[in-house]
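Below is one structure, written out as structure tokens; the observations come after it.
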Amino acid sequence: MFGFRNPGLMRVPIQQAINGGISDCRNRRIQDMFRYVGFGDHASSGVPKIYRNWQEQHWRAPQLLEFREEPERTVLLLRMISLIPEEVEKKLDELFGRKFRRLPELERIILITAAAEDKVSHSRIKEISPSHPKDISVALSNLVQKKMLIKEGETRGSIYHLPNIIPALEDYINNMSKNWEDLFGSSQGLTDNSQGLTKNSQGLTKNSQDLPMKLDKIIKSLGMEKLPKKLVSETMQKIIIQLCDGHFVKLDELSKLLNRNPVFLQQHYISLMVSKGLLELKYPSNKNHPDQAYRKKQ
């Protein structure tokens with residue numbers, strides 16, 4: 001696959017960028033300069049061309065993602081793998097047997113996407129399948145009921161993954177972030193998973209200097225010597241709740257302590273735990289407050 005990471009967010013909605021037809025560039029003079037030499041236009045055709053070319057090669061549809069947590073950035077993932085790779089079908093056959101082959105086409109597409117990309121969402125299937133959004137919702141719900149998918153979240157923004165498989169999109173983002181730092185210097189809020197707990201605890205606020213010791217006790221109480229790179233969701237939630245018990249902790253502090261990418265933590269744990277009422281916000285009226293922090297809800 002190719003992965004492209006760009007600072008800042010899209011200037012038009014992602015679906016509109018995929019459809020094309022509307023151009024809203026950041027600097028029209030630069031756009032005109034490229035247009036005059038034959039390398040630019042006002043038709044907003046670049047993203048649709050990428051999607052069309054990938055479709056012509058029968059590769060999996062590209063993924064255009066926005067990360068709104070600081071630092072804001074846009075990521076484009078281009079996988080050069082078949083829509084239905086043989087190794088993925090073999091994996092699903094081993095996991096579910098004949099049950100997988102008997103599924104309706106849409107449900108098989110969903111499972112194949114989850115196996116090929118480690119996770120799947122309603123919006124991702126809309127990019128791949130022409131099925132009606134309501135049919136996609138029903139298919140996802142059916143797969144969850146059949147225990148062929150695990151659901152995380154309670155809205156259309158929920159993610160789904162195969163049983164006993166942890167979504168690995170975090171690895172893509174971490175790797176791209178590391179490469180970006182190698183080329184252009186460090187980016188605020190991005191962590192390197194190779195750093196140890198002691199190094200990651202640097203920069204914590206004075207009120208949170210006891211968090212590394214607290215985390216060490218939590219890990220040992222769970223029967224582990226150190227925090228592994230991958231954990232089941234329930235265990236990670238328990239650790240976060242205990243770290244945030246009694247005082248507010250910032251996302252970047254949790255990121256350093258847990259050795260996890262802040263975007264991954266926010267999307268897969270913090271937001272979900274706030275919506276479930278497990279955590280409360282320090283600034284509930286301003287979710288994007290620069291000093292936002294989280295505490296176990298009393």
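Values quoted throughout were computed directly from the atomic coordinates according to the rules given, and no laboratory measurement underlies them. If you're wondering where the values come from, they're calculated on a predicted model, not measured in any experiment. Methodologically, a virtual Cβ is constructed for each residue, glycine included, from the backbone with ideal geometry; neighbour enumeration extends over all protein chains shown.
Points worth noting:
- Relative contact order, whole percent, for the stretch 1-145 stands at 21, derived from Cα pairs under 8 Å and 6 or more residues apart.
- Taking Val37, Val249, Val75 and counting other C-beta atoms within 10 Å, the order from fewest to most: Val37, Val75, Val249
- Protection proxy ranking for 140-149, 111-120, 97-106, using the average of other Cβ atoms within 10 Å per residue and placing the highest first: 111-120, 140-149, 97-106.
- Stretchable slack from Ser271 to Lys229, in nm (0.36 nm times residue separation minus alpha-carbon distance): 13.1 nm
- When the listed pairs Lys217/Lys297; Lys256/Lys282; Lys119/Lys250 are checked against a 23 Å cut-off, the alpha-carbon distance exceeds it for Lys119/Lys250.
- Over the stretch 52-104: Rg over Rh, Cα atoms, Kirkwood Rh: 1.17
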